[in-house]
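Accompanying notes for the structure given below.
We did not get these values from a lab; they are worked out from the coordinates using the rules stated. Remember, it's a predicted structure, so these values are computed and weren't measured experimentally. We place every Cβ from the backbone using ideal geometry, glycine too, and count neighbours over all the protein chains shown.
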Amino acid sequence: MKARFKYRIYPTPGQKYRLAKLFGCVRVVWNDSLAFCQQRYRSGEKKSTNSELQKLFITSAKKTEEREWLSEVSNIPLQQSLNDLNQALL
């Protein structure tokens, strides 16, 4: 028998702000990498590895002026979004 639990959180305004920032960064990394993967698929190129996507859309993106705000959140959720994308595209 499996137990099931239900949780509800009530974040403070500061926590809501940080969560919104984190989810926004994850969404941007997901959308950018998805568009890149779709473009590669349409052009008949081979599928990118997860490490290539991380270098392009996390590491390199943080060094650009346009996406430097990605440095304000943890890398782990950003990497997990790419892992999830990789699973979705299998």
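Here are some notes:
- Residue in the range 9-16 that is of a type in the set (D, E, K, R), surrounded by 10 or more Cβ atoms within 10 Å (Cβ to Cβ) and under 18 Å from Leu89 (Cα atoms) present: no
- Within the range 70-90, the only residue that satisfies the criterion of being assigned to a helix (DSSP H, G or I) and of a type in the set (Val, Ile, Thr) is Ile76.
- Pairs are defined by a Cβ separation below 7 Å, a sequence spacing of at least 6 or placement on different chains, a first member in the range 49-64 that is under 15 Å from Ser81 (Cβ atoms), and a second member that is basic (Lys, Arg); the pairs so defined are Ala61/Arg67.
- Within the range 37-55, the residues that satisfy the criterion of being buried (at least 16 other Cβ atoms within 10 Å of the Cβ) and not small (Gly, Ala, Ser) are Cys37, Leu53, Gln54.
- Scanning the range 12-55 for residues that are part of a loop (DSSP other than H, G, I, E, B) and under 22 Å from the mean Cα position of the chain (by Cα) turns up Lys46, Lys47, Ser48, Thr49.
- Within the range 76-90, residues that are more than 13 Å from Ser51 (Cα to Cα) sit with their Cβ atoms under 7 Å from residues that are not polar (S, T, N, Q), at 6+ positions apart or across chains, in these pairs: Pro77/Leu22; Pro77/Val26; Leu89/Cys37.
- Test: Asn75 is over 21 Å from Leu19 (Cβ atoms) and surrounded by 12 or more Cβ atoms within 10 Å (Cβ to Cβ): no
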